[in-house]
Amino acid sequence: MEAREFRERFIVTLFRVAHSAGLIKYYDAVMIADKGGLTPLRDQLRLVVDDIAGRGWGKAYPGMSHLNVQITHAGIEAAEDLLQVHPEYKGVPASDRYVALSDNQRNEVAAEVQNLKSAVRAANDVEEKDRQIALSEIAVFEATIVQPQIPVELVERFAQKVLGWILKKFGEALTGAAIKVLVDRLIKIALGVG
């Protein structure tokens, strides 16, 4: 991978992690590279973080044993621009991996899924076949999250496709709040930061 692409994928991954876990936090540069599926050469992370800081895209903070980096507003704009030019960067991190769920994460997601199921069942202005499709998709996802490790691909599919379809069919007023909370939790799980 060329140095420019490494830097670009690094800032996009930092943006995605910071967007879901907190924009004003510092993150371990090694963790960001790992989440982006990046394998740095020796000392490459230091050079990339210094370059990002020099461009005003981030701030570097050398910790005791780790190099930490924080994204700036200019870095957020740069990542958004890069995602427009390079839509393939949206695939970061790799979706062919598995993430482990803690008991707390599993319980939080299960509670939000129950809220969503209640909203779907309470909908009056929806065709019964759409209600059944939504409930069966939710049931498939519920069966997935009982496992100790779940495929990121299934989490992303549920968060992007299934919940997007439910929101469209059932409406913002009825399902919007439950879906927003659930999507936020699922993004953190997929990124491995929540």
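The values are calculated or read from the model by the stated rules, or taken from the named source; none is laboratory data. Bear in mind the structure is a predicted one, so any value in this text is a computation, not a measurement. Backbone-built Cβ (ideal geometry, glycine too); neighbour counts: all protein chains shown. What goes into the accessible areas is simple: the full protein's heavy atoms, side chains included, and nothing from ligands, DNA or RNA. Shrake-Rupley method; radii C 1.70, N 1.55, O 1.52, S 1.80 Å.
Listed by position, the helices (runs of 4 or more DSSP H) enclosed by segment 99-185 that each have at least 3 residues that are polar (S, T, N, Q) and under 20 Å from the mean Cα position of the chain (by Cα) are 103-122. Being farther than 22 Å from LYS188 by Cβ, touching a helix residue (DSSP H, G or I) at 6+ places or on another chain (Cβ under 9 Å) and not β-branched (Val, Ile, Thr) is true of LEU45. Of all residues in segment 1-43, exactly one satisfies the criterion of being among the β-branched types (Val, Ile, Thr), surrounded by fewer than 21 Cβ atoms within 10 Å (Cβ to Cβ) and closer than 14 Å to THR72 by Cβ, namely ILE24.
Within segment 156-179, residues that are closer than 15 Å to VAL109 by Cα and at pLDDT below 85 have Cβ atoms under 7 Å from residues that are exposed (fewer than 14 other Cβ atoms within 10 Å of the Cβ) and of a type in the set (D, E, K, R) in no pair, counting only partners at least 6 apart in sequence or on another chain. I need the full set of residues from segment 61-74 which are open to solvent by 40 Å² or more (accessible area, probe 1.4 Å), modelled with pLDDT under 90 and farther than 25 Å from VAL152 by Cβ, in order please. Correct list: TYR61, PRO62, MET64, SER65. For the structure I just gave you, tell me whether ARG46 is open to solvent by 40 Å² or more (accessible area, probe 1.4 Å), free of Cβ contacts under 8 Å to residues at least 12 places away in the same chain and under 18 Å from MET1 (Cβ atoms). Taking the combined requirement at face value, the residue does not satisfy it. Among the candidates GLU137, GLU127, the residue that is at negative phi and either at pLDDT below 80 or surrounded by 14 or more Cβ atoms within 10 Å (Cβ to Cβ) (or both) is uniquely GLU137.
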